[in-house]
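The values are calculated or read from the model by the stated rules, or taken from the named source; none is laboratory data. Note that the structure is predicted; figures quoted are calculated from it, not measured. Glycine gets a Cβ as well: all are built from the backbone with ideal geometry, and neighbour counts include every protein chain shown. Protein only, heavy atoms only, side chains kept; ligands, DNA and RNA dropped before computing areas. Shrake-Rupley method; radii C 1.70, N 1.55, O 1.52, S 1.80 Å.
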Amino acid sequence: VPAGAALSTIEAMRERLATLQPTRVDIVDDSARHAGHAGAREGGHFRLAIVSPRFAGEATLARHRLIYAALGPMMRREIHALSIDALAPDETDQP
């Protein structure tokens, strides 16, 4: 994934994740670490750390489903793999 393409993918991810009203969103492009892996040609590998009040009281699976729903079709095109750390505000040291 060319660097410019990854940046625009990250920007698009941020825009879509805004629907979850996050207080923090950190996205890291890990695609270079997966070069040569067959799926790496079809989309990027990303790590996501997100804090949102929408996750309060939700199980991990429900949080991931909210994220997948927000990212929508990106999960079938631009994103090949996504590592997720999804927390509610009271589960983090964030002020």
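Filtering the stretch 1-25 down to residues that are surrounded by 12 or more Cβ atoms within 10 Å (Cβ to Cβ) and outside any helix (DSSP H, G or I), which residue is modelled with the lowest pLDDT?
Val1
Name the pairs: first residue in the stretch 7-26 and hydrophobic (A, V, I, L, M, F, W, C), second residue open to solvent by 90 Å² or more (accessible area, probe 1.4 Å), Cβ to Cβ under 7 Å, at least 6 apart or on different chains?
Filtered contacts from the stretch 7-26: Leu20/Arg54; Val25/Arg14.
Among the residues in the stretch 66-81, are any of a type outside the set (A, V, I, L, M) and under 9 Å from the mean Cα position of the chain (by Cα)?
Yes, the conditions are met somewhere in the stretch 66-81.
Considering only residues that are open to solvent by less than 80 Å² (accessible area, probe 1.4 Å) and without any contact (Cβ under 8 Å) to a residue 40 or more places away in the chain, which ones fall in the stretch 86-95?
Step one: list which residues in the stretch 86-95 are open to solvent by less than 80 Å² (accessible area, probe 1.4 Å), which gives 86-89, 92, 94.
Ala86, Leu87, Ala88, listed by residue number.
Being open to solvent by 30 Å² or more (accessible area, probe 1.4 Å) and among the aromatic types (Phe, Trp, Tyr) is the filter here, so list the residues in the stretch 53-85 that pass it.
Tyr68
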